[in-house]
1. In which sequence would 52, 92 go, from the one with the fewest C-beta neighbours within 10 Å to the one with the most?
2. Rounding to the nearest 10 and keeping the result within 0 to 90°, find how far the Cα-based axis of helix 15-24 lies from the longest principal axis of the chain.
3. What is the percent of Cα-Cα separations in the chain that go past 22 Å?
4. Return the single residue from 96, 85, 111 with maximal mean-square fluctuation; model: Gaussian network over the chain, springs between Cα atoms under 10 Å.
5. Could you list 75, 125, 100 so that the one with the fewest beta carbons within 10 Å of its beta carbon is first and the one with the most is last?
6. Suppose R0 equals 25 Å. What FRET efficiency, 1/(1 + (r/R0)^6) with r the Cβ-Cβ distance, do residue 43 and residue 16 give to the nearest 0.05?
7. Using the crude model of +1 on Lys and Arg Cβ and -1 on Asp and Glu Cβ, and no other charge, please compute the dipole size for the chain relative to its Cα centre, in debye to 20.
8. Given H placed on each backbone N at 1.01 Å, which residues far from residue 114 in sequence or on other chains put an amide H within less than 5 Å of it?
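Any read-out appearing in this document is the output of simple, stated calculations on the displayed coordinates, not a laboratory observation. Bear in mind the structure is a predicted one, so any value in this text is a computation, not a measurement. We place every Cβ from the backbone using ideal geometry, glycine too, and count neighbours over all the protein chains shown.
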Amino acid sequence: MSKTSVFISYDGADIHSKNQLLIWNKDHEINFDFYAGPLKIDVTSHDASSIKSLIRPQIAMSNCLLCIVGLATSKNAWIGWQIDVAAENEKKLVGVKLDKDYSTPVSLRDVGATWARSFDFEAIKAAINEH
């Protein structure tokens, strides 16, 4: 059986959480992918098209999009765009909040997303693998 491929969507302020997820995955149980470049350009600008052309195929090749929800995630337009692209491509959407009080991104609401019960590897794997 092939491993699940997961695109990680996260705000730059939460890079430590993305990195922790990769450390927990030391046995490579899941194929994680993410966009590592800066996202300083407005997502709606013409200049964003080159970045979008790099991210879109990464999402398209994944089975699932995992959104790490931190303090500023709901205000990050790039994360909203990534979630929208995943939904358009009929990818499974999974969310995990770093704190239960953090706001859910609008694009992740009412779309049948699966939620990890907490930010730990077993809970995240369970949410990714839930059918």
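1. Starting with the residue having the fewest Cβ neighbours, the order is 52, 92.
2. Between the helix axis and the principal axis of the chain, the angle is about 30 degrees.
3. Tail fraction, whole percent: 29.
4. 111
5. Least crowded to most crowded, the residues run 100, 75, 125.
6. Taking R0 as 25 Å, the efficiency between residue 43 and residue 16 is 0.60.
7. About 60 debye.
8. Counting only residues 5 or more places away or on other chains, the set is 93, 94, 95.
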